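Undergrad: Would you mind keeping the following structure in view while I ask a few things?
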Amino acid sequence: MSKIKCAVLGAGFWSTFQIPAWLEIEGVEIVALYNRTRSKAEKLARKYGIPRVYDDPEAVFQNEQFDFVDIVTHEVTHASLVAMAARYGKPVICQKPMAPDYQTCVEMVDTCRKAGVPFLIHDNFRWQRPMRAAKAAIAAGRIGQPYRGRIVLTHGAIELLENQPYLKELERWALTDMGSHAFDLARFFFGDAQSIYCRIHKTGKWQGARGEDVITAVLAMGDVTCNVDLGWVEDPVLLIEGTRGILELRSDDTLIVRTDDGVSTEQITYPSYAWADSRYGACHPSIVDCNVDLLQAIRGDQPAETEASDYLKTMRLVYAAYESAAQNAVIQVA
């Protein structure tokens, strides 16, 4: 297999997992790393053998030969970096959330469409092995036709959030950060939404955080009503009710299916990597599987599950949720 070369933009917290996840995939070579604080890029480049470092993103495009770029920076920089990649004709992968507002998301997709470059979004939650196992159980008809779902996600311990201090400065926090994951999971399991109703709260638990930290949303998704809860719960869960039974995915990665025929319990496992932080459970290992899917799209083998043009529907839910909370009203999104 011929080498496929990648440039990475960003050397912050998530790049410390994104970069080694790329290197787990045979044939991937990272040729350059950009960060506005050069010393952070130099440190990370030394650790993972990346040959060249830049503190000017355009210099990466001007001086390097590579096949695609992976943007792992703060969301406020995404639009300009995606536009830069489009100008240079480079396929681009961008971390979620796409941008700080929905209109910018739309413009990013349009920019890449006009330039004729693939534009893909990195959202790894649907690639967690337990989530894939739950989806497979539903597709196999084990609980019949789903009609109600509940997705509960947590921010985790505050000491883990301190790894990402920029989150504390966000005026919009829970919905853009974890909400994009949760709404993408809802679409992964149930398809597209027609409407959303949302309430948001600021509890002050993370001292100094400016944005909301607790949200409750109800999504109408065809025959399914999906409840999404984000906050400080210690035991996040996925619960899906169907016409023949109930599926439950617990935080310890136990998948339970209850039907009239009895109860089935399965412990879902996933790979262990030296660079992954076990406190994040299936999250970090799933980055590898997500990257494999994105790489197949870059190579032209098959479409990615999170093409940006489709992921717009997830971002529409994120920003419609803010509209709903502000108006105390149901927002139509179909």
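The values are calculated or read from the model by the stated rules, or taken from the named source; none is laboratory data. None of these values were measured; they are calculated from a predicted model. Note that each Cβ is placed from the backbone with ideal geometry, even for glycine, and that neighbours are counted across all protein chains shown.
Undergrad: Looking for whichever is of a type in the set (Gly, Ala, Ser), outside the structural domain of Thr73 (by TED's automatic domain parsing) and within 13 Å of the chain's Cα centre (by Cα) here; the options are Ala137, Ala182, Ala157. Which one fits?
TA: Ala182 is the lone residue from the list that is of a type in the set (Gly, Ala, Ser), outside the structural domain of Thr73 (by TED's automatic domain parsing) and within 13 Å of the chain's Cα centre (by Cα).
Undergrad: Please determine whether any residue of region 75-88 is of a type in the set (S, T, N, Q) and modelled with pLDDT under 95.
TA: Looking for residues that are of a type in the set (S, T, N, Q) and modelled with pLDDT under 95, one finds none in region 75-88, hence no.
Undergrad: Need at least 2 residues that are out of contact with any strand residue (DSSP E or B) (no Cβ under 7 Å at 6 or more places or on another chain), of a type in the set (D, E, K, R) and at pLDDT 95 or above per element, so show me which helices (runs of 4 or more DSSP H) inside region 1-65 make the cut, counting only ones lying wholly within it.
TA: 38-48
Undergrad: Would you check which residues across region 261-311 are without any contact (Cβ under 8 Å) to a residue 40 or more places away in the chain and under 13 Å from Ile93 (Cβ atoms) and list them?
TA: Gln296
Undergrad: While we're here: Arg113 - would you say it is out of contact with any helix residue (DSSP H, G or I) (no Cβ under 8 Å at 6 or more places or on another chain) and of a type in the set (Lys, Arg)?
TA: The answer is no for Arg113.
Undergrad: Would you mind telling me which numbered condition in (1) out of contact with any strand residue (DSSP E or B) (no Cβ under 9 Å at 6 or more places or on another chain); (2) under 19 Å from Ala41 (Cβ atoms); (3) not in a helix (DSSP H, G or I) Cys94 fails?
TA: All conditions are met except number (1).
Undergrad: Return yes or no: is Glu107 within 29 Å of Thr314 (Cα to Cα), surrounded by fewer than 17 Cβ atoms within 10 Å (Cβ to Cβ) and not hydrophobic (A, V, I, L, M, F, W, C)?
TA: Judged against the criteria, Glu107 is a match.
One line per residue, one yes/no per condition, for (1) in contact with a Ser or Thr (Cβ under 9 Å, 6 or more places away or on another chain); (2) surrounded by fewer than 16 Cβ atoms within 10 Å (Cβ to Cβ); (3) outside any helix (DSSP H, G or I); (4) not aromatic (Phe, Trp, Tyr):
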| position | (1), (2), (3), (4) |
| --- | --- |
| Ala182 | no, no, no, yes |
| Phe189 | no, no, no, no |
| Cys198 | yes, no, yes, yes |
| Gln207 | no, yes, yes, yes |
| Arg210 | no, yes, yes, yes |
| Ile215 | no, no, yes, yes |
| Leu219 | yes, no, yes, yes |
| Cys226 | no, no, yes, yes |
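Undergrad: Consider Ile138 carefully, then state whether it is closer than 30 Å to Ser278 by Cα, in contact with a Leu (Cβ under 8 Å, 6 or more places away or on another chain) and either outside any helix (DSSP H, G or I) or of a type in the set (A, V, I, L, M) (or both).
TA: Here the answer is yes, as Ile138 does meet what is asked.
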